[in-house]
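Colleague: Dropping a structure here in structure tokens format, bear with me for questions.
Each reported figure results from applying straightforward, stated rules to the coordinates on display, with no laboratory input. Here the structure is a predicted model, which means the values were calculated and not measured. We place every Cβ from the backbone using ideal geometry, glycine too, and count neighbours over all the protein chains shown.
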Amino acid sequence: MTQSESRTQSTLSREPVRFLVFSASLRVASLNTRLARLAARTIEDHGGTVDLAAMSEFDAPSYDQEVQERDGFPPGAEAFRRRLEASDAFVIASPEYNFSMPGLLKNTIDWVSRYKPQPFNERHALLISASPSMAGGNRGLWALRVPLEHLGARVFPDMFSLAQAHQAFDGDGRIVNEQLSDWFERNVVAFMDLVEAAKHYPCVKKAWVEFLGEHPNPLTTRVE
Ligand SMILES: Cc1cc2nc3c(=O)[nH]c(=O)nc-3n(C[C@H](O)[C@H](O)[C@H](O)COP(=O)(O)O)c2cc1C
């Protein structure tokens, strides 16, 4: 089957599924923002609905529990929570900073993790990255998996990291190398298939328990 035949088939047969897509870079010329836009376009080409966000909309002051207790949540965290809850799944294109995720992304995840119900729980996530380096930012994605998995997100096993990303895009924002472009599309579509399938079988997972084996105590227990 050609790529366009499979696109037509998957567009026709899909059930409405909504994806929040954003890049965790604030840079105007961000490579990850280019990759996020390509993911958004790919999802739409295959019949998904996209909410494309910018990191500037989710950025928040450094997390401080006393500030939260006194002033509540900052607008960036509120926006991230609201748009997560309006989506079935989310895609993050994250830069790798020092083999990990950017601090501002971890900070906004920390803020949003304090909402109850906790909105990452049970949401499907696809992690992608772009970097000028040969590893494409992949080590940062492994670090990003940890808090998301801990929070109950269903992080898709396959991640996509675009190496030498400063040379990888054409003027139209597509990946020049055909093989890489095809792998990217397959990765995104496989994720879409899983999210759609999970909508048909929503009972796979029932509860989020932060620490298995902890002694029940209303002060520390976070079970939903
Ligand atoms: C603080 C900092 C740390 C970085 N650490 C890494 C790194 O560990 N691995 C890597 O591949 N690139 C690293 N880079 C380079 C980024 O991958 C590069 O700047 C990339 O373009 C950032 O993503 P963006 O274009 O989406 O903003 C680092 C950049 C900065 C500013």
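Colleague: Within 10 Å of each residue's Cβ, count the other Cβ atoms and sort 219, 194, 144 from fewest upward. Walk me through the numbers on the way to the answer.
Modeller: On the way: 219 4, 194 15, 144 26.
By the 10 Å Cβ count, ascending, the order reads 219, 194, 144.
Colleague: Still on this model: Could you work out the longest stretch of the chain that avoids the trypsin sites (Lys or Arg not before Pro) located in DSSP loops with at most 11 other Cβ atoms within 10 Å?
Modeller: Working: sites that count: 27, 205, 206.
The answer is 28-204.
Colleague: Which of 120, 169, 99 comes first, and how do the rest follow, when ranked by fewest Cβ neighbours within 10 Å?
Modeller: Values: 120 24, 169 18, 99 12.
Ranked by crowding around the Cβ, least crowded first: 99, 169, 120.
Colleague: Enter the angle in degrees (range 0 to 90, nearest 10) between the Cα long axis of helix 3-13 and the first principal axis of the Cα atoms of the chain, meaning the one along which they spread out most.
Modeller: 50 degrees
Colleague: Follow-up question, since we're still on this one. Can you give me the angle between helix 178-200 and the longest principal axis of the chain, using Cα atoms only, in degrees from 0 to 90, rounded to the nearest 10?
Modeller: 50 degrees
Colleague: Residue farthest toward the positive end of the dipole of the chain, with Cβ of Lys/Arg at +1 and Asp/Glu at -1: which of 33, 177, 121?
Modeller: Positive-most Cα among the choices belongs to 121.
Colleague: Let me ask something else. Roughly what % of DSSP beta bridges within the chain run antiparallel, to the nearest 5? Before the final figure, lay out each step's value.
Modeller: Working: 3 of 23 bridges.
DSSP beta bridges in the chain are roughly 15 percent antiparallel.
Colleague: With angles folded into 0 to 90 degrees, how steeply does helix 138-150 sit against the dominant principal axis of the chain? Use alpha carbons for both and round to 10.
Modeller: 40 degrees
Colleague: Turning to a different aspect of this structure: If you place +1 on the Cβ of every Lys and Arg and -1 on the Cβ of every Asp and Glu, how big does the dipole about the Cα centre of the chain come out, in debye to the nearest 20?
Modeller: On the way: 24 positive and 29 negative charges, 22 e Å.
That gives the chain a dipole magnitude of about 100 debye.
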